[in-house]
Amino acid sequence: MVNEPQFVTPSRDLIKRGAFYEKRATNPGKNTIDGITIIGTGGLGSGKIEVTVSRPALTNVTNLIKTGRTASGKFVSGLPSPVIRETEHAFSDCREQGRRVDTTDIDINALQRWYEAYLSDLGLNLGGDGIMIYTSRSPHANFSNQSGNLQSIRLVGNDRYRSVPQLLDETTLATDNPLYVQGDFNSVSTKGVALISDAFNILSNDFINHYPGLNQIPPNGGKLCGISQFQLFYFFRGTETTVNASIFTGNVHQRTSDGDGVHVYPRFHEYWWDPRLRKPSNLHILGSFVNLWTSVQAKSEWCPAGGDCYSAPTRNWG
C-alpha cells in the first residue's frame with residue numbers, strides 16, 4: 001500500500017531462548033498481563049526446570065509449585081498433581097526418525113489454578129489482559145535439538161481425576177521446541193489461546209505413554225517405531241479429541257509433489273479410529289493455523305499415513 005510501512009512476517013527468532021517471548025514473559029511491561037516462564041531440564045527443582053512469575057515482581061516460584069503452596073505457605077487444596085513434571089522417553093516420534101522424546105509436561109489448568117491462588121494470597125487478582133507463558137528445554141538460543149532425545153514440551157492433564165481442559169484466562173504459550181498437546185485442550189469455557197512453537201503435534205485423549213526403561217508395546221510399554229500398521233491400529237488407537245487454539249508453528253517444505261499440507265499441519269502419531277462407528281475418530285479443532293516459518297528442531301519430512309506413523313482422524317476443523 002502507498003505510504004504505509006512495509007509489513008514484515010514474524011520471524012522464528014522471536015521464540016528463541018532470550019528473545020521476544022521469553023523477555024515478555026519475564027517482563028510483560030504492564031501489570032495487566034501475567035507472565036510465567038518454565039525453563040530447563042532434569043525435573044522440577046532448583047537448577048533444573050525452574051519457574052518464574054512476573055507479578056507482583058519477577059519471582060522464582062519453583063519450590064512453591066513443586067509443593068503446591070503459596071508464598072505464605074498455604075497449601076492449595078484440590079490442585080491436580082503434579083503441576084509440572086519431566087518425562088524422559090515419554091514416547092518415540094516415528095516422523096522424527098524414531099527419536100525418543102523427552103518432555104516437560106505442563107498441566108495448564110493446574111498451573112493457572114495455582115497461580116490464581118498465589119496471587120490471591122498476596123491480595124491480587126489475575127491482571128485481566130491474559131497470561132503469557134514461555135517454556136523451553138533448550139540450554140541456549142542456538143540449540144539445534146538434532147542429537148540425542150528430542151527435547152519437547154507437552155501440554156497434558158497430569159492428574160486424570162482432577163485435571164480439567166479449561167483455562168482461567170486468555171493465554172499465549174510460546175516455545176522454541178516441538179509442542180505436543182495431549183488430550184482435550186481448552187474445550188471447557190473456551191478462551192482465546194495462541195500456541196506458538198517449532199512444530200505442533202496432537203495426541204489423543206487415550207494416547208499411551210512409554211514406560212521408561214521398557215522397550216515394548218503395551219501393556220508394558222508405549223508408542224514405538226518400526227511396528228506394523230496392525231500394531232499401530234491395535235495398540236495406539238486415537239480417540240475423539242477437541243483442541244481449541246490458534247496455532248502458530250513451523251512446517252517442512254522439502255517435497256515437490258506432496259508433503260506437509262494443511263491436512264497434516266498438526267502432526268499425528270496414532271491410528272485414529274472409532275470401533276463403535278467403524279470409521280476414523282473425530283479430531284475437533286476450533287481456531288486457526290498460521291504457518292510463519294520452517295521447523296528447525298523437528299524438521300524431518302512428512303511421514304505418509306500408514307506403517308508406524310499414523311492413520312488420520314476425521315478432521316472436524318473450523
- request: Scan the stretch 272-290 for residues that are touching a Phe, Trp or Tyr at 6+ places or on another chain (Cβ under 8 Å) and among the polar types (S, T, N, Q) and report the count.
  value: 1
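Determine if the stretch 253-269 includes at least one residue that is charged (D, E, K, R), in contact with a Gly (Cβ under 8 Å, 6 or more places away or on another chain) and either buried (at least 19 other Cβ atoms within 10 Å of the Cβ) or assigned to a loop (DSSP other than H, G, I, E, B) (or both).
Within the stretch 253-269, none of the residues are charged (D, E, K, R), in contact with a Gly (Cβ under 8 Å, 6 or more places away or on another chain) and either buried (at least 19 other Cβ atoms within 10 Å of the Cβ) or assigned to a loop (DSSP other than H, G, I, E, B) (or both).
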statement: For the stretch 123-137, the count of residues that are in a loop (DSSP other than H, G, I, E, B), hydrophobic (A, V, I, L, M, F, W, C) and crowded, with 18+ Cβ neighbours inside 10 Å equals 1
task: Among residues belonging to the stretch 296-318 that are at pLDDT 95 or above and within 16 Å of residue 96 (Cα to Cα), point out the one that is surrounded by the most Cβ atoms within 10 Å (Cβ to Cβ).
output: 298
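Residue-by-condition table, conditions (1) surrounded by 13 or more Cβ atoms within 10 Å (Cβ to Cβ); (2) at pLDDT 95 or above; (3) among the basic types (Lys, Arg); (4) touching a strand residue (DSSP E or B) at 6+ places or on another chain (Cβ under 6 Å):
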site	(1), (2), (3), (4)
226	no, no, no, no
229	yes, no, no, yes
232	yes, no, no, yes
240	yes, yes, no, yes
294	yes, no, no, yes
- prompt: Looking only at residues in the stretch 138-172 that are surrounded by fewer than 20 Cβ atoms within 10 Å (Cβ to Cβ) and of a type in the set (A, V, I, L, M), which one is modelled with the lowest pLDDT?
  reply: 164
message: Give me the residue from the stretch 101-118 that is in contact with an Asp or Glu (Cβ under 8 Å, 6 or more places away or on another chain) and touching a residue at least 60 places away in the same chain (Cβ under 8 Å) and, out of that set, farthest from residue 33 (Cα to Cα).
response: 101
- line: Out of (1) in a strand (DSSP E or B); (2) in contact with a Leu (Cβ under 8 Å, 6 or more places away or on another chain); (3) of a type in the set (S, T, N, Q); (4) closer than 18 Å to residue 51 by Cα, the one residue 92 does not meet is (4)
query: In the stretch 34-53, which residues are surrounded by 21 or more Cβ atoms within 10 Å (Cβ to Cβ) and not in a strand (DSSP E or B)?
result: 40
field: Evaluation of residue 32 against (1) under 22 Å from the mean Cα position of the chain (by Cα); (2) in contact (Cβ under 8 Å) with a residue 60 or more places away in the chain (one fails), failing number
entry: (1)
field: Selection count, the stretch 270-294, where residues are in a strand (DSSP E or B) and within 19 Å of residue 310 (Cβ to Cβ)
entry: 9
field: Of all residues making up the stretch 264-284, the number that are without any contact (Cβ under 8 Å) to a residue 60 or more places away in the chain and of a type in the set (A, V, I, L, M)
entry: 2
query: Which ones in the stretch 1-28 are modelled with pLDDT of 95 or more and either among the small types (Gly, Ala, Ser) or over 23 Å from residue 143 (Cβ atoms) (or both)?
result: 18, 19, 25, 28
Contacts under 7 angstrom Cβ, first residue in the stretch 52-72 being among the β-branched types (Val, Ile, Thr) and at pLDDT 95 or above, partner surrounded by 12 or more Cβ atoms within 10 Å (Cβ to Cβ) and in a loop (DSSP other than H, G, I, E, B), 6 or more apart: 52/58; 52/61; 53/61; 62/45; 65/83; 70/76
- request: Look through 152, 136, 147, 120 and report the one residue that is polar (S, T, N, Q) and touching a Phe, Trp or Tyr at 6+ places or on another chain (Cβ under 8 Å).
  value: 152
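The values are calculated or read from the model by the stated rules, or taken from the named source; none is laboratory data. These figures come from a predicted structure and were not determined experimentally. Glycine gets a Cβ as well: all are built from the backbone with ideal geometry, and neighbour counts include every protein chain shown.
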